[in-house]
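Reviewing the structure listed below.
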Amino acid sequence: MPLLSDTLARVKPSPTVAVTQLAAELKAAGKDVIGLGAGEPDFDTPENIKAAAIAAIHAGKTKYTAPDGIIELKQAICAKFARENGLTYQPAQITISTGGKQVLYNAFMATLNPGDEVIIPAPYWVSYPDMVLLGQGTPVFIEGSPELGYKITPEQLDAAITPKTKWFLFNSPSNPTGAGYTRDELKALTDVLMRHPHVWVMTDDMYEHLAYDGFEFCTPAQVEPGLYERTLTCNGVSKAYAMTGWRIGYAGGPKVLIDAMRKIQSQSTNNPCSISQWAAVEALNGPQDFLAPNAEMFKRRRDLVVSALDAIEGIDCPVPEGAFYVYPSIAGLLGRTSAGGTLIDTDEAFAKALLEETGVAVVFGAAFGLSPNFRISYATSDAALTEACKRITAFCAGLT
Ligand code: GLU
């Protein structure tokens, strides 16, 4: 009897995690590597949040908590949803997990039956399809077109819905493109969903606070209150509060779904780290004044990277509304050969040769379901970004 399961054979290891790991290993081995793979802020967790965690340790808040989180954090999350999104949730409608990833995973495990379909706009964050597959569901992709900044249209969504559709997964601003849907664009999608009452909506709002040029973030249940009863609004503290390693994600939704997700979590990890939960209470209830300057800093970095990449012949880089990613197309470079002798026939070959020949680590587009592109995370210093863009420019100039 084989050791490994059929379910395992359906999924791949996370490519974003793999690139991040590889860049760290190469650096540790003394190589001159600039890591633009990891999607995490380069600045430190704010001091008040760290202090809250240290105080929690000293106060002995180091024991098991309720499986899906402490009441204080659930209340802070309810206040956040009311304050920032105009959404009313009670603590019993809130779940807290070990990162946004576990929230999504729990939701799929709690709801999918074999054959259930989940509509995922492409390009998508690498883990969505594999989580659906782990839950025995079937991912259904809709490709965003480059002309629309990789956003999907209401017509595409309507055409993808079948009687088997269980979820529509909505992520704005997007990982990997940074594209953000305006209120009107989102309303057009929610109008479609209102015509299909069997479809549930899962959001990934992780990049809510990283929006530029006056872009107004909005989330489906806010834009269309008629969807509230079948929407799971997911978010987390990782990106906005520079807390990726603390692993706190959360969601608000109908109690029946939240209860089901708690059941899954109680049989897997049980509660998210108690100390991280107390840190997250401070993140959400404490001062929010650093969010705007951080977003301003990311916008400046976005502009730096977009202008450098767009100046390269053969690369086309749309200007994204948010997140800290750009997703340039390399369609104009395919078929050429690198100075090191690699034929650039795919975006995977491009990313591999770029790393080997220049030390710049990016994630190839096929990992996100739309090629030929690559993703840059610009959540790193201006100096590193400037040097990386210089190396990418030289690499592309060396293609024959
Ligand atoms: N969301 C981040 C990224 O896309 C974190 C890494 C991951 O878990 O995929 O890079």
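Here are the numbers:
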| item | result |
| --- | --- |
| Residue among 41, 13, 2 that is within 16 Å of the ligand (Cβ to nearest atom), open to solvent by 30 Å² or more (accessible area, probe 1.4 Å) and not polar (S, T, N, Q) | 13 |
| Unmet requirement for residue 95, which otherwise passes all of (1) more than 16 Å from the ligand (Cβ to nearest atom); (2) of a type in the set (Ser, Thr, Tyr); (3) open to solvent by 10 Å² or more (accessible area, probe 1.4 Å) | (3) |
| Subset of region 265-287 [in a loop (DSSP other than H, G, I, E, B) and open to solvent by 50 Å² or more (accessible area, probe 1.4 Å)] | 267, 268, 269, 273, 287 |
| Every residue from region 131-147 that is touching a residue at least 12 places away in the same chain (Cβ under 8 Å), open to solvent by 20 Å² or more (accessible area, probe 1.4 Å) and in a helix (DSSP H, G or I) | 133, 134, 146 |
| Hits in region 22-32 - residues which are surrounded by 16 or more Cβ atoms within 10 Å (Cβ to Cβ) and within 16 Å of the ligand (Cβ to nearest atom) | 23 |
| Filtered residue count, region 204-227, keeping only those that are in contact with a Cys (Cβ under 9 Å, 6 or more places away or on another chain) and in a strand (DSSP E or B) | 1 |
| Number of positions in region 327-364 that are in a loop (DSSP other than H, G, I, E, B) and either crowded, with 17+ Cβ neighbours inside 10 Å or not small (Gly, Ala, Ser) (or both) | 12 |
| Condition check for residue 184: within 23 Å of residue 329 (Cα to Cα) and open to solvent by 60 Å² or more (accessible area, probe 1.4 Å) | no |
| Complete set of residues in region 383-400 that are in a helix (DSSP H, G or I) and open to solvent by 50 Å² or more (accessible area, probe 1.4 Å) | 383, 386, 387, 390, 393, 394, 397 |
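The values are calculated or read from the model by the stated rules, or taken from the named source; none is laboratory data. Values in this document were obtained by computation on a predicted structure and should not be read as measured data. Note: ideal-geometry Cβ built from the backbone for every residue, glycine included; neighbour counts use all protein chains shown. SASA here: full protein model, heavy atoms, side chains in, ligands and nucleic acids out. Shrake-Rupley method; radii C 1.70, N 1.55, O 1.52, S 1.80 Å.
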